Amino acid sequence: MFALLAFVSACGDKKTEKSVEDSSKIAVYTEMEAELTAPPNVPAPVGNRVAKKLKVNMEILEEEGEMTDGVKYVYWTFGGSVPGSFIRTRVGDEVEFHLKNHPDNKLPHNIDLHAVTGPGGGATSSFVAPGHEAQFSFKVLNPGLYVYHCATAPVGMHIANGMYGLILVEPEGGLPKVDKEYYVMQGDFYTKGENGERGLQPFDMQKAVDEDADYVVFNGKVGSMTGDNALTAKVGETIRLFVGNGGPNLVSSFHVIGEIFDVVRVEGGSLENKNVQTTLIPAGGAAIVEFKVDVPGTFILVDHSIFRAFNKGALAMLKVEGEENKGIYSGKEKEGIYHPEGGAIQTMPQGKKVPAEVASSLKEKIAFGKTSYMQTCFACHQAEGQGIPGAFPPLAKSDYLNADVDRAIDIILNGKTGEIKVNGQTYNSVMTRQNLTDEEVANVLTYVYNSWGNSKKTVTATMVKNRRNGGH
Ligand code: CU
């Protein structure tokens, strides 16, 4: 971490940054084709190269992709990826932009690059129908990391379908050298079906207008950089992330769990902030974050508006390999049982004095049970007994539940830890002992057994009492 800071401050000589007027006078002598990359990769650094005429050949493709397992979406893309191809330039370059709209596409498009000084950021000069190519040029004046996007009406819809990406303008002499660079861009998506609803999902204009996103993701889909696709690094390396936010609507609170950004180039501009936990990335904006990885492990990139991360997809991984450094992070040193009351598993603290009403019918029993369920069980097992994948097992159509009533009673009375298998899925969470009367346990279990396709058993207070007293 400190090495990077020292390096950055040594190189951060403010005198080298040219004024816009100076940049406009930088002469270009030769011509080159821009390297374009799909995320999470970026083209090679500009380094010390002189300003050139830089030809960018960008092809627009409308194509079906996968938002998440079983959910298809027709993305509109710059270069075949979401976000679109990364463009890397330097101050003084003269970019000759060729925008090609593939003949199989259905719609006209254009491009607005925030790095362009000129009307519409190029949009007015680049409007192009399927099967056509538009060309325009611009002089790159301001260093920084900029968003580009389609600006064809309805603009929101074109952006919502994935038409955005990043263009980097390096200062004279380039950015300080780092070991790894990656391209990460957030976007929010709006589908006719709810999150996870299978099949080909069309865009939902009303949800987009309401800013009610079904998916909030990095690099165009859920899990684009998790598991085998995770970003990678080695202990001791310095990492630079070019982070953009295409929106169309949501602002990102970008955070890497277990890391501190040594340097943030705020909003992608020239201001450097240091020692930052979470950086705000506006829709249509960007940031450059840099950090050294000091210890091995999996570091999780999130939008810290945290339900977006764990429920809508805004989660990626950086896997760091190498030697442990126990001086920086010990790992778990000890684990024991904490038992203030002498029990291995804690009870939910909630004084219970008033005995529960005794139900006069099965219908009433189920109604009372439902009330207890909504107070006690709902947060983990959810309204329809569906549970939370990977965390809390389902009660709906649960083979584990239906197989053994006594076991179900015992779990409510005593709590449960350790691995269990429910409907083929393994769960390893903690359920605390519930502070309920015999009558309440009987009612809540009767409610659960008579709901969501379960086996319709009736549980009585006597059955619960017997279990409480150590079995039959
Ligand atoms: Cu478009």
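The values are calculated or read from the model by the stated rules, or taken from the named source; none is laboratory data. None of these values were measured; they are calculated from a predicted model. Every residue, glycine as well, gets a Cβ built from its backbone with ideal geometry; the counts of neighbours run over all protein chains shown. We work out accessible area using only protein heavy atoms, side chains counted, and drop any ligands, DNA or RNA first. Shrake-Rupley method; radii C 1.70, N 1.55, O 1.52, S 1.80 Å.
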Whichever residue in segment 95-116 is charged (D, E, K, R) and not in a loop (DSSP other than H, G, I, E, B) and, among such residues, is farthest from the ligand (Cβ to nearest atom):
Glu96
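Listed here are the residues, each with its yes/no results for (1) more than 18 Å from Glu62 (Cβ to Cβ); (2) open to solvent by 60 Å² or more (accessible area, probe 1.4 Å).
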| residue | (1), (2) |
| --- | --- |
| Val91 | yes, no |
| Val116 | yes, no |
| Phe127 | no, yes |
| Gly131 | no, no |
Going by the conditions given, is Asn195 part of a loop (DSSP other than H, G, I, E, B) and away from the ligand (no atom under 14 Å from the Cβ)?
yes
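Grab the helices (runs of 4 or more DSSP H) fully contained in segment 399-472, keeping just those with 1 or more residues being closer than 15 Å to Val358 by Cβ. Steps first, please.
Numbers: elements: 399-403, 405-414, 438-449, 461-468.
Hits in segment 399-472: 438-449, 461-468.
Of Asn41, Asn48, Asn57, which residue is assigned to a loop (DSSP other than H, G, I, E, B) and either under 20 Å from the mean Cα position of the chain (by Cα) or surrounded by 14 or more Cβ atoms within 10 Å (Cβ to Cβ) (or both)?
On the way: Asn48 fails: either under 20 Å from the mean Cα position of the chain (by Cα) or surrounded by 14 or more Cβ atoms within 10 Å (Cβ to Cβ) (or both); Asn57 fails: assigned to a loop (DSSP other than H, G, I, E, B).
One residue alone meets the criteria, Asn41.
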Checking the condition among the hydrophobic types (A, V, I, L, M, F, W, C) and farther than 23 Å from Pro248 by Cβ, which residue from Leu141, Leu168 passes?
Leu141
Go through the residues of segment 292-306 one by one and say whether even a single one is over 27 Å from Tyr148 (Cα atoms), of a type in the set (A, V, I, L, M, F, W, C) and in a loop (DSSP other than H, G, I, E, B).
yes
What are the residues in segment 177-209 that are over 28 Å from Leu145 (Cα atoms) and among the small types (Gly, Ala, Ser), if any?
Gly193, Gly196, Gly199
With the structure loaded, tell me whether Asn273 is over 20 Å from Gly322 (Cα atoms), open to solvent by 30 Å² or more (accessible area, probe 1.4 Å) and either part of a strand (DSSP E or B) or touching a Leu at 6+ places or on another chain (Cβ under 7 Å) (or both) or whether it fails that test.
yes
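Scan segment 66-94 for residues that are part of a strand (DSSP E or B), away from the ligand (no atom under 16 Å from the Cβ) and farther than 18 Å from Leu36 by Cβ and jot them down.
Going through segment 66-94, the residues part of a strand (DSSP E or B) turn out to be 66-68, 71-78, 86-90, 94.
Of the ones still in play, those that are also away from the ligand (no atom under 16 Å from the Cβ) are 66-68, 71-72, 86-90, 94.
Once the filter is applied, which keeps residues that are part of a strand (DSSP E or B), away from the ligand (no atom under 16 Å from the Cβ) and farther than 18 Å from Leu36 by Cβ, segment 66-94 yields Glu66, Met67, Thr68, Val71, Lys72.
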Would you be able to say whether some residue in segment 136-147 is touching a residue at least 60 places away in the same chain (Cβ under 8 Å), buried (at least 21 other Cβ atoms within 10 Å of the Cβ) and either within 16 Å of the ligand (Cβ to nearest atom) or of a type in the set (Ser, Thr, Tyr) (or both)?
yes
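Any chance segment 160-171 includes a residue that's open to solvent by 20 Å² or more (accessible area, probe 1.4 Å) and under 22 Å from Tyr29 (Cβ atoms)? Don't jump to the end; show me each part of the working.
Of the residues in segment 160-171, the ones open to solvent by 20 Å² or more (accessible area, probe 1.4 Å) are 171.
Okay, now just the ones that are also under 22 Å from Tyr29 (Cβ atoms), so 171.
Yes; the residues of segment 160-171 include at least one that is open to solvent by 20 Å² or more (accessible area, probe 1.4 Å) and under 22 Å from Tyr29 (Cβ atoms).
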Go through (1) out of contact with any helix residue (DSSP H, G or I) (no Cβ under 9 Å at 6 or more places or on another chain); (2) open to solvent by less than 30 Å² (accessible area, probe 1.4 Å) for Leu445 and report which single condition fails.
(1)
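Okay, residues lined up against (1) over 31 Å from the mean Cα position of the chain (by Cα); (2) over 15 Å from Asn450 (Cα atoms); (3) crowded, with 20+ Cβ neighbours inside 10 Å:
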position: Ala367; (1), (2), (3): yes, no, no
position: Lys370; (1), (2), (3): yes, no, no
position: Glu384; (1), (2), (3): no, no, no
position: Ser398; (1), (2), (3): no, no, yes
position: Asp406; (1), (2), (3): yes, yes, no
position: Ile411; (1), (2), (3): yes, yes, no
position: Asn414; (1), (2), (3): yes, yes, no
position: Thr417; (1), (2), (3): no, yes, no
So, in segment 161-180, how many residues would count as being within 16 Å of the ligand (Cβ to nearest atom) and outside any loop (DSSP other than H, G, I, E, B)?
2
Among residues of segment 227-266, those that are crowded, with 18+ Cβ neighbours inside 10 Å and either modelled with pLDDT under 95 or among the aromatic types (Phe, Trp, Tyr) (or both), counted
3
Report yes if some residue within segment 184-192 is open to solvent by 20 Å² or more (accessible area, probe 1.4 Å), away from the ligand (no atom under 16 Å from the Cβ), closer than 23 Å to Phe218 by Cβ and in a strand (DSSP E or B); otherwise report no.
no
What pairs can you find where one residue is in segment 31-56 and free of Cβ contacts under 8 Å to residues at least 24 places away in the same chain, the other is open to solvent by less than 50 Å² (accessible area, probe 1.4 Å), and their Cβ atoms are less than 7 Å apart, with a gap of 6+ or different chains?
Met32/Lys52; Met32/Leu54
For segment 117-128, enumerate the residues that are modelled with pLDDT under 95 and either within 16 Å of Gly162 (Cβ to Cβ) or within 10 Å of the ligand (Cβ to nearest atom) (or both).
none
